[in-house]
Amino acid sequence: MKRFVELYEALDATTSTNAKVEAMRSYFATADSDDAAWAIYFLSGKRMKRLVKRADLKEWLVEVSGYELWMVEECYASVGDFAETVSLLVRHQAAPRPEAMDLSLSGWVEQRLQALGDNDPAKQAQIVKAWWTDLPASMCFIATKLLTGGLRVGVSQLLLAKAIAASSGLPRPVILHRLMGNFVPSAETYEALVDPNTAASDASQPYPFFLASPIEKDPGDLGLRGEWIAEWKWDGIRAQVIRRGGRSYIWSRGEELVTERFPEIEAACASLPDGTVLDGELLAWKDGVLPFSQLQRRLNRKKVSKKLMSEVPIRLVCYDCMEADGLDLRDRPLVERRQRLESLVTDAADASIGLSEIVATETWEELATLRQSARERGVEGLMLKQADSVYETGRKRGSWWKWKIDPYTVDAVLIYAQAGSGRRATLFTDYTFAVWSGKDLLPLAKAYSGLTDKEIARLDRWIRGNTIERFGPVRSVKAEHVFELAFEGINESKRNKSGVAVRFPRILRWREDKRPEDADTLEQVRELLRPDADTSGS
Amino acid sequence: MVIETRKEGLYCKAGDFYIDPVRPVARAVVTHAHSDHARSGNEMYYASPRSEALLRKRLGNQIDFYALPFGEQVRFGDAVVSLHPAGHVLGSAQVRVQAEGEVWVVSGDYKRDADPTCESFEVVPCDTFITEATFALPIYHWPSIDAVVESIHAWWMANRIRGRASVLFCYSLGKAQRVLGALQDLADRPVLLHGAVAPLTQIYREEGIQLAPTDLAVNDRTRRGQDYSQDLIIAPPGANGTPWMRRFGKCSSAFCSGWMQVRGNRRRRGHDRGFVLSDHADWEGLIRTIKETGARRILATHGQSDILVRYLRERGYEADAIRSRFDSARQEDDAESKEEGAKT
């Protein structure tokens, strides 16, 4: 564990990616396989099932620190991280017990953390409180981090793969591929990960997704229209479906295995030949695509009822083929992969699997005109893919672009503020905005991003000086500042007081030229519910 | 009320003067030379003798300055006023006011930790204590400066091996000199200073404060393509991201502040390292000081005043928060860095 704490501190003490890779490489080069496996597990942001209730932890911290619950909560609100709050509030013993320090990472996880559940609640409290007081601050922090879930230290999957590749001597794409999917932290898993024999692999294992970047220039500058393939940008869930060894697997972009949530797609995949991997979008579909809010009803459940399945049927709209006949096609040009995809989908002949149509135009101008119809079609815009592009790994700029339609915008008034978490924990950065309904301001959206650091600092100061009331971590503030918000979609919602819910709200700009009475009204916002609504908003 | 809050700042009616006013007034008693406490435009300035050079440097030589030596009682109208060391920066003072049969003390900014670069904090018994509350949360618990300076030195040495300049951001008045004082026995070559840090450091030396050897980072001997890879450079936070930084090439940067105790703050600043070093009292320092003054009534200002007030009320104190335009502790960060950024 000591070595893992040192690795964490080395990663935390630098902003240089090279230094991070080097710190991980040297850890993996000498770590035991089971420790390396757990390190990968935590560094890639995976978390164990919650071992202890948050309320219990807080109560124990009250007991150990000697401060009242309200004070513990104020501290937590200021720090933004529970484990760090513990390590700062508890006075640690000067001389730690060496045995606790020497236990390996896997030993800590398997013999201490995971074994915690074998004890009755009183014993659990005793054990955890002893960790807090007996371990030095740095180790108390890591142990509590692991106990409460994940450990985020600004290491991307790409960097992690780079470090493992460097320590094992295997190519990075091989490591990345093997890191995809279910990662069971064990010595065997790590040894399979760095096994120089690359033949054997798990049937469920997905490929890393290739991610498009938002286009910032005029698409006309990309070159000849004929060298690019355009498709609609679907507003659904990106998914990779795998048919191997007579079984089907559906992976989400977040590397979650979601097969059983979409029984119709799992069934439809049975009509694909073995050794097939497709990339596409899961959409709620009835004679055409349904709004994202419908799809959301399906996403929230693990087990789907017959009723819900008939109300919200799902369709997989495919746009790429990474594997056919068991062969990795990612190095082949897109046009060739597309041909394979078309024949696979046609042969499967299942209504739940379709093709993402190609939007054919002669010129970029015609394409730009068609893009204007995106909102009526229920899509987010266009995807532009170079016809001869290979299927890359992760977000590589250059050959795949997303060309989204301009967002909806409204002018809304700041009414509540809350401190952020993580690096924004000591600043008020989470805002709630409202629009007018008669003489009242009704909350419309929460937004976290879009302001510069300078603006955040200024607004933070203003919030502190203009708080009306405090509700726990939330403060209500004077209705004074107007912000232009952008969002991607809007739907009716019974859950919100305003009756509408917006998707991906963010702050476009601080409208210091506007007074609160100039902000938009709920009626104006509801206008946007009409699919042909003008996108300029206000 | 011996001292009340007005829009100009803390006001003593019996003596007709203000303490650290934020708007121009006739008579200003100034606790110390930081920009959020010492502002320009006042007719007369009263401060400790060692604040004079610092105030003149920051506000201009023309200010009408009157020295109030520590511990010496002087009359202002119906009030008896004296200054007492606050331990914050060189010359920093608490203001004791005796009037209407009561003793009030305004702490200004203060710390209890040892600091050879300024006069040590003195406990002044009083009835009402107006205390700062910048770091009034029990998560703030300062490590010893020796440990901090050792880790600053270790970071510098590690960067030298990698051939990278080490740029340490800290406030140009107080913090920079405190670090330089603590580096005396560790630095094996002159520490390089930003142009905003050097004149204040010079004032410290003229006041007889022992500091590590220093040199200007950019002076008339500086050549194009100068190699800074072995150097430690001290600069104000406002210099970060300015063209002045380019000369150091690929460097490692660090920030020195009490805020660095929280990891989120370290990451928000985007520096490689954050060193926990503050010239304010930590939680224990605040609570201990409040107890030692014997005051039954506590007024809290700056930063986490609400939290301190609630904590004290639950322990039987009469406590209130003083709201001012400069309530936010972060204001100090920003005011300081903005001002210094403009000078680069």
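For segment A:53-72, taking the residues that are assigned to a helix (DSSP H, G or I) and open to solvent by 50 Å² or more (accessible area, probe 1.4 Å), the one that is farthest from the other protein chains (Cβ to nearest Cβ) is identified as A:ALA55. Is one or more of the residues making up segment A:329-350 within 30 Å of A:ILE490 (Cα to Cα) and not charged (D, E, K, R)? Scanning segment A:329-350, I find no residue that is within 30 Å of A:ILE490 (Cα to Cα) and not charged (D, E, K, R), so the answer is no.
Can you find a residue that is of a type in the set (Asp, Glu), assigned to a strand (DSSP E or B) and out of contact with any strand residue (DSSP E or B) (no Cβ under 8 Å at 6 or more places or on another chain) anywhere in segment A:485-504? Before the answer, list the steps.
Applying the first criterion (of a type in the set (Asp, Glu)) to segment A:485-504 yields A:488, A:492.
Filter once more, keeping what is assigned to a strand (DSSP E or B): A:492.
Okay, now just the ones that are also out of contact with any strand residue (DSSP E or B) (no Cβ under 8 Å at 6 or more places or on another chain), so none.
Scanning segment A:485-504, I find no residue that is of a type in the set (Asp, Glu), assigned to a strand (DSSP E or B) and out of contact with any strand residue (DSSP E or B) (no Cβ under 8 Å at 6 or more places or on another chain), so the answer is no.
Screening segment A:206-318 for strands (runs of 3 or more DSSP E) wholly inside it with 2 or more residues that are under 19 Å from the mean Cα position of the chain (by Cα) returns the ranges A:237-244, A:247-252, A:276-284. For A:VAL174, are the conditions met, namely being open to solvent by 10 Å² or more (accessible area, probe 1.4 Å), in contact (Cβ under 8 Å) with a residue 12 or more places away in the chain and not assigned by TED's automatic domain parsing to the domain that holds A:ASP274? Taking the combined requirement at face value, the residue satisfies it. Checking the stated criteria, A:ASP347 turns out not to satisfy the condition of being assigned to a loop (DSSP other than H, G, I, E, B) and either surrounded by fewer than 20 Cβ atoms within 10 Å (Cβ to Cβ) or modelled with pLDDT under 90 (or both). Of note, A:GLY394 satisfies the criterion of being farther than 30 Å from A:ALA519 by Cα and open to solvent by less than 20 Å² (accessible area, probe 1.4 Å). Selection of strands (runs of 3 or more DSSP E) fully inside segment A:377-482 by the criterion of at least 1 residues being more than 14 Å from every other protein chain (Cβ to nearest Cβ) returns A:381-386, A:400-404, A:408-419, A:428-437, A:440-447, A:474-477. Take the residues in segment B:236-253 that are more than 30 Å from A:VAL86 (Cα to Cα) and open to solvent by less than 20 Å² (accessible area, probe 1.4 Å), then tell me which one is nearest to the other protein chains (Cβ to nearest Cβ). Selected residue: B:GLY238. For A:MET24, indicate whether it is in contact (Cβ under 8 Å) with a residue 24 or more places away in the chain and crowded, with 17+ Cβ neighbours inside 10 Å. Yes, satisfied. Screening the candidates B:PRO49, B:PRO69 for the property of being modelled with pLDDT of 95 or more and farther than 26 Å from B:ASP127 by Cβ yields one hit, B:PRO49.
Collect the residues in segment A:17-31 that are assigned to a helix (DSSP H, G or I) and closer than 17 Å to A:LEU193 by Cβ, keeping them in residue-number order.
Pass one, segment A:17-31, residues assigned to a helix (DSSP H, G or I): A:17-30.
Correct list: A:VAL21, A:MET24, A:ARG25, A:TYR27, A:PHE28, A:ALA29, A:THR30.
Checked against the criterion of being more than 25 Å from B:TRP142 (Cβ to Cβ) and either modelled with pLDDT under 95 or open to solvent by 60 Å² or more (accessible area, probe 1.4 Å) (or both), segment A:84-98 contains one or more residues that satisfy it. Just the residues that are open to solvent by less than 30 Å² (accessible area, probe 1.4 Å) and touching a helix residue (DSSP H, G or I) at 6+ places or on another chain (Cβ under 7 Å), please, taken from segment A:452-468. Those that are open to solvent by less than 30 Å² (accessible area, probe 1.4 Å) and touching a helix residue (DSSP H, G or I) at 6+ places or on another chain (Cβ under 7 Å): A:ALA457, A:ASP460.
Of all positions in segment A:308-327, at least one carries a residue that is surrounded by fewer than 11 Cβ atoms within 10 Å (Cβ to Cβ) and out of contact with any Gly (no Cβ under 8 Å at 6 or more places or on another chain). Return yes or no: is B:PRO199 more than 22 Å from B:PHE275 (Cβ to Cβ), surrounded by 13 or more Cβ atoms within 10 Å (Cβ to Cβ) and at pLDDT 95 or above? Yes; evaluated as a whole, the condition is true for this residue.
Apart from one condition, B:CYS256 fits all of (1) open to solvent by 20 Å² or more (accessible area, probe 1.4 Å); (2) outside the structural domain of B:ASP113 (by TED's automatic domain parsing); (3) not β-branched (Val, Ile, Thr); the exception is (1).
Which count do you get for residues in segment A:260-291 that are open to solvent by 10 Å² or more (accessible area, probe 1.4 Å) and either under 27 Å from A:ILE490 (Cα atoms) or not assigned by TED's automatic domain parsing to the domain that holds A:ASP235 (or both)? Counting residues in segment A:260-291 that are open to solvent by 10 Å² or more (accessible area, probe 1.4 Å) and either under 27 Å from A:ILE490 (Cα atoms) or not assigned by TED's automatic domain parsing to the domain that holds A:ASP235 (or both) gives 9. For segment B:267-281, a tally of residues being facing another protein chain (nearest Cβ under 8 Å) and outside any loop (DSSP other than H, G, I, E, B) returns 3.
Contact map, segment A:413-434: first residue among the β-branched types (Val, Ile, Thr), second residue modelled with pLDDT under 75 and open to solvent by less than 30 Å² (accessible area, probe 1.4 Å), Cβ cut-off under 8 Å, separation 6 or more or different chains; pairs are A:THR426/B:ARG330. Look at (1) aromatic (Phe, Trp, Tyr); (2) under 30 Å from B:ARG310 (Cα atoms); (3) in a helix (DSSP H, G or I) and you find that A:TRP108 fails only one, number (2).
Selection of segment B:112-147 for residues being hydrophobic (A, V, I, L, M, F, W, C), away from every other protein chain (no Cβ under 14 Å) and under 18 Å from the mean Cα position of the chain (by Cα) yields B:ALA114, B:CYS118, B:PHE121, B:ILE130, B:ILE145.
Listed conditions (1) assigned to a loop (DSSP other than H, G, I, E, B); (2) within 14 Å of another protein chain (Cβ to nearest Cβ) are all met by A:LYS145, apart from (1).
Filtering segment B:285-294 down to residues that are of a type in the set (A, V, I, L, M) and surrounded by 21 or more Cβ atoms within 10 Å (Cβ to Cβ), which residue is farthest from the other protein chains (Cβ to nearest Cβ)? By that ranking, first place goes to B:ILE290. Scanning segment B:295-308 for residues that are open to solvent by 10 Å² or more (accessible area, probe 1.4 Å) and either out of contact with any strand residue (DSSP E or B) (no Cβ under 9 Å at 6 or more places or on another chain) or within 14 Å of chain A (Cβ to nearest Cβ) (or both) yields B:THR301, B:HIS302, B:GLY303, B:GLN304, B:ASP306. Filtering segment B:25-51 to residues that are over 21 Å from B:GLN98 (Cα atoms), loosely packed, with under 14 Cβ neighbours inside 10 Å and not charged (D, E, K, R) leaves B:SER40, B:GLY41.
The values are calculated or read from the model by the stated rules, or taken from the named source; none is laboratory data. Just so you know, these numbers come straight off a predicted model, no measurement behind them. Cβ: placed from backbone, ideal geometry, glycine included. Neighbour counts: every protein chain shown. These area figures cover heavy atoms from the full protein model, side chains too; ligands, DNA and RNA do not enter into them. Shrake-Rupley method; radii C 1.70, N 1.55, O 1.52, S 1.80 Å.
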